[in-house]
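Worksheet for the structure shown next.
The values are calculated or read from the model by the stated rules, or taken from the named source; none is laboratory data. Because the structure is predicted, anything quoted here is derived from the model rather than measured. A quick note on method: Cβ atoms are made from the backbone with ideal geometry, for glycine too, and the neighbour counts reach across all protein chains shown. Areas reflect the complete protein model, heavy atoms only, side chains present, ligands, DNA and RNA absent. Shrake-Rupley method; radii C 1.70, N 1.55, O 1.52, S 1.80 Å.
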Amino acid sequence: MAPLVPPPRSSPEADGCAQWYARELGWATAGTSPVRLPTGLRFDVLDLPAAAGRAVLRRVARTGPVALAGQRMWLLVSAGSADELPGLLDWLEWGGITLDLTAIGTGGSITAPVPPGRTTAPPGAALWLRHPEPRRAVEVPLPALAGFGDRGDDAPDLVRLVDAAATECHRARLAQARRNLGAGRPASQPLAFS
């Protein structure tokens, strides 16, 4: 018979983080170190390179909450949007083009960003760039498919957000290709896509 092993204890910081998400936002959490936010319940996530994400934030004023995790940016969108991404990219004529743009939906999770107002964060922690508003229904301000006609609320448009994200991911990929080609090509040879 194997000895009983007590479950790992969470840190006070992790407990406080999980409590903030539950108390202030009503969001479920999972795990303790790091605390995770399950996707597909209250929101889904568009995951893209941070450089492309910064360009999206310059182009699209209303995005909903946005987090930075290392070299990745997470744009929170309405629950169910992850399932719509492949068809939406095809409809926007991005289908078949390799983009570093993915969606995390039902069954997935992200590392919980440090709650707003916290003065200390562990190295490499995810941080909010545009934090969710406490005590407010998260579904209303998140980007969503408007469908036919106006939804009548103030939610940002998922189609415009995905199109901007795909454009910026493609631009970032082209810029990386230029840098890679520029490092190994003769100075007199122009780039075909410059």
Solvent-accessible surface (1.4 angstrom probe) belonging to R173, in square angstrom, nearest 10: 120
To the nearest 10 square angstrom, how much accessible area does S33 have with a 1.4 angstrom probe? 100
Show D163, D47 ordered by accessible area, largest first, where the area counts protein heavy atoms only and the probe is 1.4 Å. D163, D47
Report the local net charge at A69: Lys and Arg +1, Asp and Glu -1, summed over other residues whose C-beta lies under 15 Å from its C-beta. +2
Order the following by accessible area, largest value first: H131, H170. Probe radius 1.4 Å; ligands, DNA and RNA are ignored. H131, H170
Nearest-10 value in Å² for the accessible area of T32, using the 1.4 Å probe: 60
Return, for the Cα atoms of region 29-117, the radius of gyration and Dmax in Å, separated by a comma. 13.4, 42
Probe 1.4 Å, accessible area per residue of region 29-76, Å²: 40
From most to least accessible, 1.4 Å probe, no ligand or DNA/RNA atoms counted, E93, E168 line up as E93, E168
